[in-house]
Amino acid sequence: MSGHNKVAIITGAGSGVGRAVAIAFLKDGYRTVLAGRRADALEETIKLSGVDTAQALAVPTDVTNQDSVKALFARTREKFGRLDVLFNNAGVNAPGGIMLEDLSLADWQKVVDTNLTGPFLCTQEAFKLMKDQQPQGGRIINNGSISAHAPRPNSVAYTATKHAITGLTKTSSLDGRKYDIAVGQVDIGNALTEMAQRMTTGVPQADGSIKVEAVMDVGHVASTVLHMASLPLEANVLTVTVMATKAPFVGRG
C-alpha cells in the first residue's frame with residue numbers, strides 16, 4: 001500500500017471495470033468513494049477489497065441526475081475534505097442486435113444520458129471542488145473504449161457517446177489547465193467483464209460474420225488507471241489504449 005493520502009471517486013464501482021479499479025485504488029491506499037446505482041453492489045466491492053471500511057465510502061448515485069451527482073461530490077467533500085482523482089466510468093449499452101434505423105429514442109437517450117451527460121455532470125462538479133481546494137488541482141480519467149475510434153455493427157448509441165467522450169476529455173483537459181486539473185482517457189478493448197462475456201461465445205463482425213474475440217483480464221485495466229492516477233500533475237496520459245493483444249481492432253480482422 002502506498003503512503004499517500006489521496007481521495008478518489010469511482011463511478012460505476014459496483015461491477016466490471018469500475019469494481020476492479022475501485023479495488024485497486026483501495027488496495028493502493030486511496031480513500032475511495034464508490035458511486036453506483038446499487039448500494040449492495042458498492043458494499044460488495046468494498047468487502048472484496050479487504051481494506052478497512054473507514055477508508056471507503058459507498059454513495060448510491062444516478063449519474064444522469066444532477067442533484068444526485070451534486071450530492072455525491074458534497075458527501076466526498078464532507079467525508080474526506082478534498083478530491084484528487086475522478087474516474088468517470090459508469091456506462092451502459094443499448095440492447096444488442098438492434099439496427100440503427102430501429103433503435104428507439106428512449107434507448108438512445110438512456111445511453112447518451114449515462115455515457116455522456118453523466119461524465120459531463122461529474123466533471124463539472126470535480127472542477128468546482130478541485131479548483132477551490134488547497135493544494136489546488138487533481139486528475140480526471142474518462143473511460144472511453146476502442147469504440148471511441150472504430151464502431152461495431154449496430155452500436156450507434158454506444159459508439160457515438162464514446163466518440164463524444166474523447167471530445168469531453170480534450171476540452172476539459174484544455175479548460176482544466178488553469179486549475180492544475182489533468183484530464184486523460186483510457187480506451188479499453190475486450191476486458192473480460194460481465195458486459196464483455198458475450199465476446200467469448202461470438203459477436204458480430206463488420207463483414208457480417210460472428211466470431212469469438214480474444215479477451216484480457218480486467219485487472220490490466222485497473223493497473224493502467226492506477227498508473228495514470230499516480231503521475232504528478234505536471235505529467236498526463238492524455239489517451240491510452242489497453243486491449244487484448246489479439247482483439248480484432250488493428251487491421252482488417
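The values are calculated or read from the model by the stated rules, or taken from the named source; none is laboratory data. This structure is a prediction, so every number in the text was calculated from the model and none was measured. Quick reminder, even Gly has a Cβ in these numbers, built from the backbone with ideal geometry, and neighbours come from all protein chains shown. In case anyone asks, the SASA skips ligands and DNA or RNA and just uses the protein heavy atoms, side chains included. Shrake-Rupley method; radii C 1.70, N 1.55, O 1.52, S 1.80 Å.
So the values come out like this:
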quantity: Per-residue [θ]222 nm for the chain (sum of -39500 (n - 2.57) over DSSP H runs n ≥ 4, rounded to 500); calculated: -12000 deg cm²/dmol
quantity: List Ser172, Ser223, ordered by accessible area with a 1.4 Å probe, largest first; calculated: Ser223, Ser172
quantity: Cβ crowding within 10 Å averaged over residues, with 176-185, 83-92 ranked highest first; calculated: 83-92, 176-185
quantity: Thr161 accessible area, assembled protein chains, probe 1.4 Å, Å²; calculated: 0 Å²
quantity: Count of Lys pairs (Cα-Cα under 16 Å; at least 8 positions apart or interchain) in the chain; calculated: 13
quantity: Surface per residue (accessible, 1.4 Å probe) for the range 1-124, Å²; calculated: 45 Å²
quantity: Accessible area (Å², per residue) of the range 131-253, counting only protein heavy atoms and a probe of 1.4 Å; calculated: 51 Å²
quantity: Share of carbon and sulfur in the accessible heavy-atom surface of the chain [1.4 Å probe, %]; calculated: 53 percent
